[in-house]
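The values are calculated or read from the model by the stated rules, or taken from the named source; none is laboratory data. Bear in mind the structure is a predicted one, so any value in this text is a computation, not a measurement. FYI the Cβ positions are ideal-geometry reconstructions off the backbone, even for glycines, and counts take in every protein chain you see.
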Amino acid sequence: MKHIPTTLLLSLLALVLSIPPLTSFADDSLIIYSGRSDKFVKPVIAEFTRQTGIKVTLHTGKSTALLNKLRIEGARTDADLFLSNDAGNLQRGSDWGLFRAMTPSLVAPIDKRYRAADNTWVGLSARARVLVVNTQGPWADKLDSVFDLANPALDSKLGITNSTNGSYIAGVTVYMLAAGKDKTRQWLQGMKANVHGKVFNKHRQIVKAVASGKLQAGLVNHYYIYRHLDKYPDAPIKIVFPDQGKDGMGVAWNVAGIAISKHTAKAALAEKLVAFLTSTTGQKQFAEVNREYPVRTGVAASPMIPAAGSYRVADVPMSALGKQRDATLDLIEEVGMP
């Protein structure tokens, strides 16, 4: 066997020792199955990476599809976290046992209404289901309830998303629990008649159609209205927070939130990300960039939108959006909503 000089051996050993172990690459990165549009998530994730050096890869898709993917993959999944735009999917994942409980102190700053009872998911930002109304049309001052959207006089003047939209499903769940299944069924039937099968894939498309006068009203998440007004401050639209009277059920809220995969090998690293997203810094970014409502106690919403607490919110816990999801989908299918 040919002799290898000691100096060469020492050099090779030094080179090997200078190379970080393969596990360190894995330990310095996270993978998220993300059901939110990248534009809502990337700014705050980028800030997390800037501050910590921890890289995050987003695998983006529909929340329901990604949740099912996570369930099918089981222990083989690459996902360290699951991020959803809908509390219903988060709670369903908890019920399926896909997530691990987070440290109680980690989620303590978030109101109990906006996280799982067993801390397997936590809300990050909240949104309100509101009416966008054309201020120059005949309906400018006639709408104050979501149930008004079933009025036959709004025939061909109403905008709604398709019934597979997560916010749509969550809203129907809230109305079903707050106002009853019969009233909600009649409301769905009335809206179905008014739209004649023409629905939208995006909330922003509804806002644009109402602003142009092609439609008179629509049911959307609140921040789409403010984003439109950011670009077009003179647009003839206004926001109506519905069902605010003495006997009103209040506005339907939903939260986007995050959970840690049961099978991740990086739970501690994942909790660092959750800690950042629920921190004052992370919550302020959701408020300022996205016009969403922070869910951390003590962090104010953007001054551009009405403060949380300034209007009535329906008394329906976020966990119910998952537990009642099947009943909601059955009702939507029964009515035959497009």
Quiz item: So which pairs qualify, if the first residue must be in region 305-320 and among the basic types (Lys, Arg), the second must be surrounded by fewer than 16 Cβ atoms within 10 Å (Cβ to Cβ), the Cβ gap must be under 6 Å, and the two must be at least 6 apart or on different chains?
Solution: Arg312/Gln244
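Residue by residue, here is whether (1) at pLDDT below 95; (2) closer than 30 Å to Lys202 by Cβ; (3) within 19 Å of the chain's Cα centre (by Cα); (4) in the same structural domain as Gly282 (by TED's automatic domain parsing) holds:
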| residue | (1), (2), (3), (4) |
| --- | --- |
| Ile19 | yes, no, no, yes |
| Ser29 | no, no, no, yes |
| Ser34 | no, yes, yes, yes |
| Thr60 | no, yes, yes, yes |
| Thr77 | no, yes, no, yes |
| Ser94 | no, yes, yes, yes |
| Ala101 | no, no, no, yes |
Exercise. Kindly indicate whether Gly248 is of a type outside the set (Asp, Glu) and either out of contact with any helix residue (DSSP H, G or I) (no Cβ under 9 Å at 6 or more places or on another chain) or assigned to a strand (DSSP E or B) (or both).
Key: yes
Quiz item: For region 35-45, how many residues meet the condition of being crowded, with 19+ Cβ neighbours inside 10 Å and assigned to a loop (DSSP other than H, G, I, E, B)?
Solution: 2
Quiz item: Of the residues in region 175-229, how many are buried (at least 23 other Cβ atoms within 10 Å of the Cβ) and among the small types (Gly, Ala, Ser)?
Solution: 2
Exercise. Out of Lys208, Lys192, report the one residue that is within 18 Å of Thr328 (Cα to Cα), part of a helix (DSSP H, G or I), basic (Lys, Arg) and assigned by TED's automatic domain parsing to the domain that holds Ala235.
Key: Lys192
Exercise. With respect to Ile239, determine if the residue is within 30 Å of Phe82 (Cα to Cα), within 24 Å of the chain's Cα centre (by Cα) and not in a loop (DSSP other than H, G, I, E, B).
Key: no
Quiz item: Quick one: is Asn85 under 30 Å from Tyr311 (Cβ atoms), modelled with pLDDT under 95 and touching a helix residue (DSSP H, G or I) at 6+ places or on another chain (Cβ under 8 Å)?
Solution: yes
Quiz item: Which of the residues belonging to region 252-268 are hydrophobic (A, V, I, L, M, F, W, C) and buried (at least 20 other Cβ atoms within 10 Å of the Cβ)?
Solution: Ala252, Trp253, Val255, Ala256, Ile258, Ala259, Ile260
Quiz item: Would it be correct to say that Ser94 is of a type in the set (S, T, N, Q) and within 20 Å of Lys272 (Cα to Cα)?
Solution: no
Quiz item: Just to be sure, is Thr264 of a type in the set (Val, Ile, Thr), assigned to a loop (DSSP other than H, G, I, E, B) and under 23 Å from Ala117 (Cα atoms)?
Solution: yes
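Can you work out which of the residues in region 89-123 that are small (Gly, Ala, Ser) and under 21 Å from Ser167 (Cα atoms) is surrounded by the fewest Cβ atoms within 10 Å (Cβ to Cβ)?
Only one residue tops the list, namely Ser94.
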Quiz item: Which one of these is within 24 Å of Arg291 (Cα to Cα), charged (D, E, K, R) and not assigned by TED's automatic domain parsing to the domain that holds Ser302: Lys181, Lys157, Lys246, Lys231?
Solution: Lys231
Quiz item: Can you find even one residue in region 272-292 that is polar (S, T, N, Q), outside any helix (DSSP H, G or I), under 17 Å from the mean Cα position of the chain (by Cα) and closer than 18 Å to Val174 by Cβ?
Solution: no
Practice problem: Within region 293-321, count every residue that is surrounded by fewer than 22 Cβ atoms within 10 Å (Cβ to Cβ) and part of a helix (DSSP H, G or I). | Solution: 1
Quiz item: When residues of region 271-301 are filtered for being closer than 23 Å to Phe99 by Cα and among the charged types (D, E, K, R), how many remain?
Solution: 3
Quiz item: Quick one: how many residues across region 287-308 are under 21 Å from Lys238 (Cβ atoms) and of a type outside the set (D, E, K, R)?
Solution: 10
